[in-house]
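In what follows, a single structure is set out as structure tokens and then discussed.
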Amino acid sequence: METQKIKIAVVVLNWNGKAWLEKFLPTLLKHSLEATVFVADNASKDDSLDFVKNNFPNVKIIINATNGGYAKGYNDALKQIDAEYFVLINSDIEVTDGWLFPIIDLMDNDKKIAACQPKLLDYKERNTFEYAGASGGFIDNLGYPFCRGRIFNDLEQDKGQYNDAIEVFWASGACLFVRASHYNEINGLDEDFFAHQEEIDLCWRLKNKGYKIMVQPKSVVFHVGGGTLNAGSPFKTHLNFRNNLFMLFKNLPTSALFTTIPTRLVLDGVAALTFLNKEKGLQHVLAIAKAHFSFYFEIPKLITKRQKIKQKNNLLGKVDYSILLNNKIKGINRFSEL
């Protein structure tokens, strides 16, 4: 007998995250009655799975053989789920009453929408936008991502100024609604990213296909952030710098490729110097150097990936100015001032 396709599959990726599951899974279940909730485990060593089995028997569990990071972890898990919509959600997020339907309704009414995110607010400072996605993601002419409500490390207070549902460039992987058919069409997340910026790469590839990426702030969630890798981690620095180069090389139109990449390599060198006066400064510098060598080593593979993508110009949400110049030189730290 054929099983019925799930409408909404909410999938929490877990890696040694029992404390987060204890804290946020009850709220997720309370406010997601119309969805099927999954915990996809990335070969955890703690007892988080026993905790879920013993306390939440209605939660479906998927066990991944290895910890392949965010990208492979989700790809492996989602291959086992037959649903119309995947909701990829971090374990350190508190959802709110009615969080699912503003986004599902939006996507149901426009089949060109491939992905969407809610408004992300900070769990600890609840009137402040959260770093990982705020109210929708953009990218500048050099490939630096920023958000409505967050430019680099400058976070705005949420006063309702970004409450309109609009098309953006990328939606946050912290809480990402994606149409399963479109996700599968482009073979999901790029597993070579491991973690960080893989959702921006996913959204960019979807936009190159002609699909829309949206933010729907009528849906609100609160994100702790840094639940797996904190901001001071040199490994996180390595992933962010390496993955940004991976993403640019794959998705930029040829006309921009040979100017943007060399410029970014130089600016990365400048950024490395700014780490020297921080804690673990030398480790961060070495992480950036390692990121560059990883990029050079992967260029043949990236060329193959690039050839499978039809890169487009003038994608909505990719701006023609430098956010670095506006923020660091002009002192602009609010999206509305750009």
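The values are calculated or read from the model by the stated rules, or taken from the named source; none is laboratory data. Given the structure is predicted, the values throughout are model-derived calculations rather than measurements. Note that each Cβ is placed from the backbone with ideal geometry, even for glycine, and that neighbours are counted across all protein chains shown. Just so you know, the surface numbers come from the protein's heavy atoms only, side chains and all, with ligands and any DNA or RNA stripped out. Shrake-Rupley method; radii C 1.70, N 1.55, O 1.52, S 1.80 Å.
For Ile89, indicate whether it is among the aliphatic types (A, V, I, L, M), out of contact with any Phe, Trp or Tyr (no Cβ under 8 Å at 6 or more places or on another chain), in contact (Cβ under 8 Å) with a residue 12 or more places away in the chain and surrounded by fewer than 16 Cβ atoms within 10 Å (Cβ to Cβ).
Here the answer is no, as Ile89 does not meet what is asked.
Across segment 94-113, which residue is farthest from Gly133 (Cα to Cα) among those that are in contact with a helix residue (DSSP H, G or I) (Cβ under 6 Å, 6 or more places away or on another chain) and open to solvent by less than 10 Å² (accessible area, probe 1.4 Å)? First the steps, then the outcome.
Here is the first cut: in segment 94-113, the residues in contact with a helix residue (DSSP H, G or I) (Cβ under 6 Å, 6 or more places away or on another chain) are 94-95, 113.
Filter again for open to solvent by less than 10 Å² (accessible area, probe 1.4 Å), leaving 95, 113.
On the way: Val95: 15, Ile113: 18 Å.
Restricting to residues being in contact with a helix residue (DSSP H, G or I) (Cβ under 6 Å, 6 or more places away or on another chain) and open to solvent by less than 10 Å² (accessible area, probe 1.4 Å), the top hit is Ile113.
Tell me yes or no: at least one residue of segment 135-156 is in contact with a strand residue (DSSP E or B) (Cβ under 6 Å, 6 or more places away or on another chain) and open to solvent by 30 Å² or more (accessible area, probe 1.4 Å).
Looking through segment 135-156, at least one residue is in contact with a strand residue (DSSP E or B) (Cβ under 6 Å, 6 or more places away or on another chain) and open to solvent by 30 Å² or more (accessible area, probe 1.4 Å).
On the basis of being part of a helix (DSSP H, G or I) and buried (at least 20 other Cβ atoms within 10 Å of the Cβ), does Val39 make the cut? It would help to see each step written out before you state the result.
Working: part of a helix (DSSP H, G or I): no; buried (at least 20 other Cβ atoms within 10 Å of the Cβ): yes.
No; evaluated as a whole, the condition is false for this residue.
Pairs needed: first member in segment 118-130, open to solvent by less than 10 Å² (accessible area, probe 1.4 Å); second member anywhere, at pLDDT 95 or above and basic (Lys, Arg); C-beta distance under 7 Å; at least 6 residues apart or different chains.
From segment 118-130, the pairs are Phe129/Arg150.
Can you list residue pairs whose Cβ atoms sit under 9 Å apart, with the first residue in segment 64-77 being open to solvent by less than 10 Å² (accessible area, probe 1.4 Å) and the second being polar (S, T, N, Q) and modelled with pLDDT under 95? Count only pairs 6 or more apart in sequence or on different chains.
Note: pairs meeting the criteria are Gly73/Thr66; Gly73/Asn67.
Test of understanding: among Phe275, Phe258, Phe295, Phe235, which residue is open to solvent by less than 30 Å² (accessible area, probe 1.4 Å) and farther than 24 Å from Val168 by Cβ? It would help to see each step written out before you state the result.
Details: Phe275 fails: open to solvent by less than 30 Å² (accessible area, probe 1.4 Å); Phe258 fails: open to solvent by less than 30 Å² (accessible area, probe 1.4 Å); Phe235 fails: open to solvent by less than 30 Å² (accessible area, probe 1.4 Å).
Matching residue, one of Phe275, Phe258, Phe295, Phe235: Phe295.
If the requirement is being at pLDDT 95 or above, in a helix (DSSP H, G or I), surrounded by 17 or more Cβ atoms within 10 Å (Cβ to Cβ) and hydrophobic (A, V, I, L, M, F, W, C), which of these qualifies: Leu265, Leu286, Leu302? Reasoning before the result, please.
Values: Leu265 fails: surrounded by 17 or more Cβ atoms within 10 Å (Cβ to Cβ); Leu286 fails: surrounded by 17 or more Cβ atoms within 10 Å (Cβ to Cβ).
That would be Leu302, the only listed residue that is at pLDDT 95 or above, in a helix (DSSP H, G or I), surrounded by 17 or more Cβ atoms within 10 Å (Cβ to Cβ) and hydrophobic (A, V, I, L, M, F, W, C).
Looking only at segment 242-255, which residues are assigned to a helix (DSSP H, G or I) and buried (at least 17 other Cβ atoms within 10 Å of the Cβ)? Before the answer, list the steps.
Taking segment 242-255 as the starting set, the residues that turn out to be assigned to a helix (DSSP H, G or I) are 242-251, 254-255.
The answer is Arg242, Asn243, Asn244, Leu245, Phe246, Met247, Leu248, Phe249, Lys250, Asn251.
Only one of Phe249, Phe258 is closer than 27 Å to Phe275 by Cβ and out of contact with any strand residue (DSSP E or B) (no Cβ under 8 Å at 6 or more places or on another chain). Can you tell me which?
Numbers: Phe258 fails: closer than 27 Å to Phe275 by Cβ.
Just a single option satisfies the conditions, and that option is Phe249.
Going residue by residue through segment 6-20, is there one that turns out to be over 19 Å from Phe86 (Cβ atoms), among the charged types (D, E, K, R) and either in a loop (DSSP other than H, G, I, E, B) or at pLDDT 95 or above (or both)?
Yes, that holds for at least one residue.
Exactly one of (1) open to solvent by 50 Å² or more (accessible area, probe 1.4 Å); (2) part of a helix (DSSP H, G or I) is unmet by Asn327. Its number?
The number of the failed condition is (1).
Given the conditions (1) touching a Leu at 6+ places or on another chain (Cβ under 8 Å); (2) part of a loop (DSSP other than H, G, I, E, B); (3) more than 18 Å from Ile93 (Cβ to Cβ), which single one is not true for Ser32?
(3)
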